[in-house]
Structures are given as C-alpha cells and as structure tokens.
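A.B. asks: Got a structure for you, questions after.
The values are calculated or read from the model by the stated rules, or taken from the named source; none is laboratory data. Quick caveat, the model's predicted, so the values are computed rather than measured. Positions of Cβ are backbone-derived with ideal geometry, glycine not excepted, and every protein chain shown enters the neighbour counts. What goes into the accessible areas is simple: the full protein's heavy atoms, side chains included, and nothing from ligands, DNA or RNA. Shrake-Rupley method; radii C 1.70, N 1.55, O 1.52, S 1.80 Å.
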Amino acid sequence: MAPKSTPTLDKDAFSRRMKRIYAGWKSAKATEGSVNFSTVDALVVGLVKEEDVMYKKSAAFHLWLFGYELADTILVLCEDSIHMVASQKKIDFLKPLQGDENQAGVPPVKLYVRGKSDGGKEHFPGLIQAIKNSRQGKTIGIFAKEKLDGDAYTDWNNAITKAGFTKQDISMVVAYIMAPKDDKEIALMTKSSVCTVDLFKKFYWEQIMTAVDQDKRVKHLKIADGMDSAIKRREIIPNVSDPDDVEMCYPAIVQSGGKFNFKFNVTSENDNLQFGVICASFGVKYKEYCSNVARTVMVAPTKSQLACYDIAYELEEHIVKKLTAGARLCDVYEAGIAWLREKKPDLLENVKKNFGFATGLEFREAFLVINEKTTHMARKGMVFCVEVAFQGLKNPEGKTDAEKTFGIWLGDTVIVKETGPAEILTKGAQKKSKQVSIIVETAKDDDDKEDLAIIEVETATAGPAGRSRRTAVTGERLRTDFSGEEKRKKNQERLRDELNKKAYARLSKGKEEVAGPRLKKANVAYRNINNFPTDDEVKHLQIYVDKRAETLILPLFGEPVPFHISIIKSVAQSVEGDYTYLRINFLHPGAPVMGGQEKHVFSHPEAQFLKELTFRSSNTKEPGELAPASSNLTNTFRLVKELQKKYKTREQEEREHEGVIKQDTLMLNPNKNQPRLKDLFIRPPLSQKRISGALEAHVNGFRYTTLRGEKVDVLYNNIKHAFFQPCDGEMIILLHFHLKNAVVYQKRKIVDIQFYTEVGETTTDLGKHYHMHDRDDLASEQAERELRNRLTTAFKTFTEKVEAISKGDVDFDTPFRDLGFPGVPFRSTAILQPTSTCLVNLSEWPPFVITLDEVELVHFERVQFHIKNFDMVFVFKDYHRKPVLVTAIPMNLLEHVKSWLDNSDIYFTEGIQSLNWVKIMKTVGEDPKEFLREGGWQFLEPEDNATAAAEEDEEDDDEYKGSESEDAGSGSGSDSDDDSGDSEVDEEEEDDDASNEDLSSGEESGKDWDELEAEAAKADRQKAMEEEQESSRMPAKRPNQRFGGSGGGAKRMRR
C-alpha cells in the first residue's frame, strides 16, 4: 500500500471561513436568536478527542477551518488577533497561516508551541491578557456542552477561572454561520449523496429482493451490519477512489414486523425480517460530510398501506418545495402540517413532530430543526435531511398483529438553492409507491403445484420485471420399479425435517453449554511483600533465582524486580571475548509461538510488556575473588532451565488431567467364582514390554491384574459402550470399553481401554519350507481352528456372565463384519464396522469409535464418479465438537454406506468439494438457533433445482430431435421406404433376441430390479473386502491353508 501523503492546510478555505466568523461576530445584532453574540469579547475553542463520541461541535469547527481535528489545541479568537497553542507537529502544520497581516478581514495568526512537560503553561498569561484586551475583555464564547477535561486543558481551565471571565454558549451562532456550504463543500455533499444512493440501490435493495424472492430468513441486524462492509467494496461504491474516505454516518436502521421507532438513536433489532412494510434509514459520510436517505419498501401492500404511502410521498415533495432561501424553518413546518390537515387530517396524530434537520460535518444540527419552534431562516447552500414519518398506522386488512400495525418513513438529502425550491441530492434512490412495491403472485401448474412469481413493479418506462415461472419436470421413467431408492429418498426427507425440529427443541430446553477455556489461578510471584526474599544477592542487586516461588529476580533501575517463570519464554547464554551474556526473552502479546497461535492469555494485553533483557558480566577473575563475576550468570542460566522444565512438566500433567474424574472404589466379589479371563493383554500398554494378565468381573466393575501385580479398574457405571469382537477373519479377539469420562493411569488420560489376545501368528517366516501334505502344518491349522472356537466360547460366556452381574449396566455389542467398509480414520486404512449403536474399528490402535446417537448428520465429500475414493464427515449434535473425517472410502461402496446410514435413520448429504469444517462449525456455534431458523444444514444438499432444469432441457432436446426425424422421414421419398424396411428387420431381430433371452432366463426371470441390484452390490462389496484383506495379510504365514485354502494355493504363495 502506498504511504499516506503529508497533510496539508488549505489556506484559502481557512481565510474564507474565518472571515465569515469575524463578519458574523462584528455584525451580530443583540436580538439574533436567543444568544447575544455581540456581547462576546473573545472565542475560546478546545478539542478533546473522544473515541465513543461521533459528533462534536468543536470537532466540526476544526474540520471546517483546518480540514483536520487538531486535538489538545487551544484556539483563541480575539478582536484583532488569533492565537493557537499546540504541539510542535501541529504548529508545523499551521505555519502557513502566519505572515498575513489582517488580509481579507482576518486578523493575524500567532502560534505557540506547547511544551511536553508544562502543557504550554508559559503562554497562558499572554493569552489571558490578549482576551482582556479584546473588546470589553470580560465575556468569552465557548461550546457549553463540551467540557475540556483532558490533561492538556487542566492548567488552562484554572487560568480561565482565575481570570474571572464570564462564559457564554455560542454553539447555535457558530452552527448558523457554518450551515451554508461553499462550492467545495457542496461538491463533497453531492458525492456523499451519490454514495448513499449507490448503497441503497446496489446493496440494500438487492438484499430485500433476494430475501423476498428466495423466502430467505435474514435478520435486521445482519442487513444493517452488512452496510458497514458494503461501502468499502468498489462494486457498491464505484465513485470513491479511497475506501477510507467513506463510512456510515450512524449504524443503519432496518425495521419491520409492526415494530417501528423512527428515531436516529435506535439500533436494528436482532429479529428476522418480516415481509410486509420494511422501513430503513442510513447515510454515508464522505470526507466527514454526511448525507442520509430513508425508504419504505412494501411487500404485497394493501390498499390502505398504499394510500398512506402516497400521502407521505406527496407531503415530502410539498415540504421540499417550501424549503426555499429566506423561508423560516417554522413556517416550512407549518406549511407541511397545513397540507396534511387538508389532505388527510386523521394522520396528524401519527406524523413525526419535525420534518428534518440541517446536516453537514455534523449529521444532525440540533439548532436547525424543521419544527414549530425554530425561527432561523433557510439560506442558500444549506443542506437538510428532510424526512416524513408516520408511526402507529392501522391496517384493517392485516391478519396478524404484525400486519395490523405499520409505519411509513421517507427521507432525502436536499440543498437550498438561491431561487426556487430545494434540490434533492438523493433523488436516484427510487421512492414512488410503484417503485418500492413488491407484489407476490401465486400461480398453479397443471399438476396443482403452486409457485411464487415475484414481480417488481416499476414505472411504465422501466419495462416488465416479472420473473418467469419454472415448470415442473414431468417425464416418464424407463424403469418404473424404483421402490428402494424412492423409500430411501422419502426417509431422508423425513429425517431432514425432523433434524431441525429436534435440534431446535434440544437447544430451546436450556442454554447450551459452551466449552470454554478452563479458568485457573494466575501465576503471581509474591502475593505479599513479606514473602519477598531477603538474601544477600537480592540486597546487593544481583540476579537471584527463587526456586520456592519459581521466580527470577532481576535488578532493574536499582530495584529488584521479580518475574515468574511462566512469563519467561527462553534464556540464552553466550560468551564473547572477556564477557558472558545472558539474554532473557519474555512472553508478550503478539509473540510468535509454535503452531501459529497465541496460547498465553494476558489479563491486560494493552499494557506495556518487556520483550527481552540482556545482562553482561566479566569472565575475568579479580584478585581476592573465588570465582569470576560471570559465574552468577552461568548459575542463573542453569537454574532457570531447571525451573522451566519443572514448570512445563507440571503444566503438561495438569492439561492431561483436565476432564478426568475420580472413579468410585471397586467392590470386590467376596466369592472366588467371579467371571475371569486369563492371558489377556491390555491396550494402551502399561509399559513398553508386553505383559499378560487376567481380567475379572466384580460387583461394580472390572479389575485387570498383570503378572507383575499392576492393577487397572474399570467401573460399570463409567462404561459408555462395551464391545466384543470375535476372531472371525481377525488375528485377535478382544473386549473393548469406551468410557463416559476419561480416567488416568500411568499418568495418561484414556477414554478407550481394550483387552485382547492373539489367536494366530501375526508374522510369517518366509525362509521356512512349507508342504501341502505336511502333517505338522495340518495339525497347526487344526489347532488354530480349535483355539479360535475355544476362545470365542470363553469370551462369549464371559460377556453373558458380566451382563447378568451388572444388571444391564454393561451390554456388549458385536460389530457387523458384513456391513464393514474400508476407510482411513487416522493415518492407515482400516475396516470400519457398524454395530447397533456405533461405527468402530477396534483391531487397529488407536481405536475408532463413533456413537451414532451423537451424530447429527453425515456429509460425503468429493463424490465424483471419476474419482476412486470419497470422504465421509460426521457432524455431531454438539456443535462445539470437532467433526470427524474418514477419508479414502472406495467409490463403489457409496451406495452400501448410504443404505446403512438410511437404515440407521441418519440423515446424510453429499457434495463434490471438501469443505472447511472449522469455519462452518465456528459459524454454527456462534448462534445455533439462528442457523437452524435459516434452514440449518440445507446448504449441504445438492442443487436439485439445477438438476431439474438440466433434465428439463434434455427432455426438450429429445422432443425436438424426435419431431425433426419425423419431418425428415415424411419428405424423403424411396429412401424412407428402404429405411422403414431396415427398421422392420431390426425390430424382428430384436424381438427374436428378446424371446431367446426370455427362454434362457431360467431362475433369473423371477427376480426384480431390487434383488438384482442387491446381489450386484453384495458381490462388489465382498470383492472389495477380499482385496483389502489380501493386501493387508501378505506377510502372514501360509494364509491359504490357515483359512481353508488348498495346497495348490500354498504352492503359489511359496513361488
């Protein structure tokens, strides 16, 4: 970005406008307004910059004179001189004003540099004396509503008070002098009005039309906030080169639904936009000059609403005509009331009590309001925001409470001309009733399906704007029996409808708990001065490490300053020549950390922070010293490193123990006949070396005891899911427990614990000679089969006994291997197998467990049939939980996965792209109810409308081709006869082929499409699983013989 240019002062504009101030001051009459400007002896203006105040008279005065806000500046206007006290930088900016001795009726300007320490106090006696020498020297004019409370004005206020000057408010007089705009200001006001019109036409109007056309739920506040960003976009505001030159005059106001408050200090509510009467008011400020527009849009308006709108429109036009140069503002107001009393007297009680106000550098000039009390006259160049507002109007044709009450709000920015009525600067924003009315018509197709046609009613010259109605796609399917697909589609539609209802009901039951960061005590070095160490090192201002308090005490500016070890980022030691350097880096806001995220939260991020400190000490050993001075730095470096390691280890343990509960005490079974399984291994392992143990079921939980005597307890009431996976097609048989709450053992937090044993050799000795008729090999295979059967029986018996002991607290679930499909849940391919309640992979570690009841929906990504694989995303009902992604699922299993999800009553969607789920879930989690009201997960569904349109186009093309061929056949002569003969032969051959197929169909002729598709899908699924198993078991020992393969197969493997 190009650097900003140095600000420059428009000397000519300053002279012209300062001349108007002095001319108005000298020619002031004693009866002008309610302020006697002629009695003011000097004008004193200061400016205190306040971020939360948008408009101030002093700020507008500075902008008008200098083009910039010169905060903390003292401006004194005396009869024969102008005095300014400011900082050196501001004085340099104001220097062009010096040197003109009373040119063009403007006194000479004197500049004073304010010191950094005294605030310009040395210049105050001279300023006080200049005020006393101006006219009578008793009364100063100020902006009474603005208090100079800043530090730069403390001494100045005391000097003014001590001098005993009388203070008089000159706000109204200065406002009246500034109100007429010169040519440069008029150009800025015109461009500001153009920006406001562009914002209305290119953003607000399109937002309303889109919401009505798509029947979209959108909030008032969302539309209003969208205008803040819209004015920075070149396509919305094309006439502005620098986006920083434009901003909103005030937060935009959008209202509907019968709730209307036509004041500019209200804010848009966070309610959904309701079609009917929609009122809005907003304005754009260009280079600090304001403009405004207010409009009312009507959706399907009634006759009474149109009648009231026309009255408001005509009343505004009447007021603009009356707003001429020389007209008193109270007379303009009375003219509008008189017109309304004549045309529609029953609306007098509903009309707003003023018809607008002057605008410019301040959005609303409170002293120039068009009401019955303002006696000031309109002058050439004054700019007004004219508005007409009717509130609390009754609509007898309304059906609901929101429709029975409405309001009308119209407003424009106008400029007073030298002769004739005022000119409307925002006339580009349409406001006639026909231009702001949206009529919704209901039409019916031949199949009695209703469609909505949205018609923008424009003027006669605008042309038709009706939207064409898309006809329903009607066509005959070649295959009429799609009962399975139809049922699945209907079931998914039902699940989609129920999903939003259940989610909204779930959120409405109570405030959703948001998982926020866990609060902990702040690390403080010493909470009491009495705890501060009194060692000699501290007294002698040496670096000292307090191990007890985990604090490093450093000498800074002659004082020992403690720093807790938690805010020390790193320490480094280096030796250069005769000196040792110790560099200490501290944590501070904005410091780069691993992962690109700032994990340290600071209580006061805007405070001043130390970034680094470096200490130097000599390596030279002085006479009489036991060690060189640098030994203290070396010792400090070592101790700080030890403290950091200790502190980080403790922090890591605390993070791992978050969310961990303490289990109840295990109640041992006093009898010795409790269910027991021996020779089991545990995952995750208790140590690096695998050690077997025994698993016992007691009164309220399990106890696993290793041969070393190590014990692990798992209580029944903490088990969320229990799985028993037999050894069919697997090399291990296991029991797996997925816990409700994490537990800690071996200083590790776990939620999954597994007990297993191997049923075969997991490795193969490729150097060993095998023979198909080897009796040892046959015996080993038979022994393995018997072991599998024995282990399966033992585990099955154990699970049945546990279910009986736990009285239903533990219910073992077995995965359905036939429904499994390959995927990559972590880093390697695994077979994901459904159970009655979950989708799991238990053979690999870490395990993969998804509870189906916790799943909101499943979304398929990268579903394109020219790609071999697709991805699967599980979105949970807890919107603050990260979605789970499973990748690389074979594309030929897509229908299989869909069928399983549909049978499990899980709603699914699909798309061709991978989505950013972090951003999606962040948006959803900010306001889940609003997300559901706006359609929920409907945005994930494919474009059905586009598909329907494509099908419709294809049907039209087919019909066109058919008619074209018929026309060609009717006029082709003898060629058509030959063609017809050939077609007859072809038809006979087709009939023969069909009859032969019917005769040879056999048993297959009795199967319908669903059965044939099911068989084909099952064959594809079986083939894919066999290929997956084959590739994963290549290293296994003689797999063909182990699983019943022939000897010939074994020979091929050996080759």
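A.B. asks: Given Cβ point charges of +1 (Lys, Arg) and -1 (Asp, Glu) and nothing else, what value in debye, to the nearest 20, does the dipole of segment 183-438 about its Cα centre take?
C.D. replies: In debye, rounded to 20, segment 183-438 gives about 320.
A.B. asks: Next up: Working out 0.36 nm times the residue gap between S27 and E423, then minus their Cα-Cα distance, what length gain in nm do you get to one decimal?
C.D. replies: 139.6 nm
A.B. asks: Continuing with the same structure: Starting from the Cα of K321, move 7 Å in the Cα-to-Cβ direction to define the label point; list residues of segment 391-434 whose amide nitrogen is under 20 Å from there.
C.D. replies: In segment 391-434, the label zone of K321 (backbone N under 20 Å from the point 7 Å along Cα→Cβ) covers 410-428, 431-434.
A.B. asks: Share of segment 11-179's accessible area from carbon and sulfur, percent, 1.4 Å?
C.D. replies: Its accessible area is 48 percent carbon and sulfur atoms.
A.B. asks: Need the C-alpha centroid separation for segment 301-315 versus segment 829-900, integer Å.
C.D. replies: Here the answer is 58 Å between Cα centres.
A.B. asks: Let me ask you something else. Report in % the part of the accessible area of segment 830-938 that belongs to carbon and sulfur, leaving out ligands and nucleic acids; probe 1.4 Å.
C.D. replies: Carbon and sulfur: 50 percent of the exposed surface of segment 830-938.
A.B. asks: I'd like the trypsin sites (Lys or Arg not before Pro) in segment 677-749 restricted to DSSP loop residues with at most 11 other Cβ atoms within 10 Å, sorted by number.
C.D. replies: Details: sites: K678, K689, R690, R703, R708, K711, K720, K740, K747, R748, K749; in loops: K689, R690, R708, K747.
Hits after loop and neighbour filter: K689, R690, R708, K747.
A.B. asks: If DNA, RNA and ligands are ignored and the probe is 1.4 Å, what is the ranking of E146, E79, E365, E342 by accessible area, most exposed first?
C.D. replies: The residues order as E342, E79, E146, E365, largest area first.
A.B. asks: If you stretched the chain out fully between Q435 and Q88, how much longer would it get, using 0.36 nm times the residue separation minus the C-alpha to C-alpha distance?
C.D. replies: 119.3 nm
A.B. asks: Next up: At a Cα cut-off below 17 Å, give the lysines reachable from K380, other chains included and same-chain residues fewer than 8 away excluded.
C.D. replies: Straight-distance partners of K380: K181, K184, K321, K322, K417.
A.B. asks: Grab the Cα-Cα distance for E654 and D228, subtract it from 0.36 nm times how many residues apart they are, and report the gain in nm with one decimal.
C.D. replies: Here the answer is 149.0 nm.
A.B. asks: How far apart, in nm, are two points set 7 Å out from the Cα along the Cα-to-Cβ line at R676 and at K303?
C.D. replies: Inter-label distance under the simple model: 9.5 nm.
A.B. asks: Solvent-accessible area per residue for segment 11-179 at a 1.4 Å probe radius, Å²?
C.D. replies: 48 Å²
A.B. asks: What shape does segment 11-179 have by the C-alpha gyration tensor, where a ≥ b ≥ c are the square roots of the eigenvalues, rounded means a/c under 1.5, and otherwise prolate means a/b greater than b/c and oblate the rest?
C.D. replies: rounded
A.B. asks: A follow-up question, please. At 1.4 Å probe size, with the rest of the protein present, what percent of the exposed accessible area of segment 183-438 is carbon and sulfur atoms?
C.D. replies: Heavy-atom surface of segment 183-438 belonging to carbon and sulfur, 1.4 Å probe: 47 percent.
A.B. asks: Turning to a different aspect of this structure: Run the 1.4 Å probe and let me know the accessible area of D853, rounded to the nearest 10 Å².
C.D. replies: Counting only protein heavy atoms, the figure is 110 Å².
A.B. asks: Give me the accessible area per residue for segment 183-438, probe 1.4 Å, as a whole number in Å².
C.D. replies: 41 Å²
A.B. asks: Can you work out the accessible area per residue across segment 830-938, with the rest of the protein chains kept in place, probe 1.4 Å, in square angstrom? Don't skip to the end; give the middle numbers.
C.D. replies: Details: 4580 Å² over 109 residues.
Value returned for segment 830-938: 42 Å² of accessible area per residue.
A.B. asks: Compute the Cα gyration tensor for segment 183-438, then decide on rounded, prolate or oblate, letting a ≥ b ≥ c be the square roots of its eigenvalues: rounded whenever a/c is under 1.5, prolate when a/b is larger than b/c in the other cases, and oblate in all that remain.
C.D. replies: oblate
A.B. asks: Sequence neighbours fewer than 8 away in the same chain don't count; with that in mind, list the lysines whose C-alpha is under 27 Å from K621.
C.D. replies: The reachable lysines, counting only those whose Cα sits under 27 Å from K621, are K539, K641.
A.B. asks: Would you mind computing, in nm to one decimal, how far apart the modelled labels at K929 and T792 are, each placed 7 Å from Cα along Cα→Cβ?
C.D. replies: A separation of 5.4 nm, rounded to one decimal place.
A.B. asks: Over the Cα atoms of segment 830-938, what radius of gyration and what Dmax do you get, in Å?
C.D. replies: 14.3, 42
A.B. asks: With labels modelled as points extended 7 Å from the Cα through the Cβ direction, what inter-label distance (nm, one decimal) is found for D497 paired with R341?
C.D. replies: 6.0 nm
A.B. asks: Using the structure shown, list the pairs from K882/K922; K57/K352; K263/K303; K138/K162 with a Cα-Cα distance above 18 Å, or answer none.
C.D. replies: From K882/K922; K57/K352; K263/K303; K138/K162, over 18 Å: K57/K352; K263/K303.
A.B. asks: Further question: Just tell me which lysines come within less than 16 Å, Cα to Cα, of K898; anything on the same chain fewer than 8 places away is out.
C.D. replies: Hits, sequence-local ones excluded: K487, K489, K490, K1018.
A.B. asks: Kindly identify segment 632-707 as rounded, prolate or oblate by the Cα gyration tensor criterion: order the square roots of the eigenvalues as a ≥ b ≥ c, call it rounded if a/c is under 1.5, otherwise compare a/b with b/c, prolate if a/b is larger, else oblate.
C.D. replies: prolate
A.B. asks: What's the Kirkwood radius of segment 35-128 in Å, using all Cα pairs? Display every interim value, and only then the final one.
C.D. replies: Working: mean 1/r = 0.0698 Å⁻¹.
The Cα-based Kirkwood calculation yields 14.3 Å.
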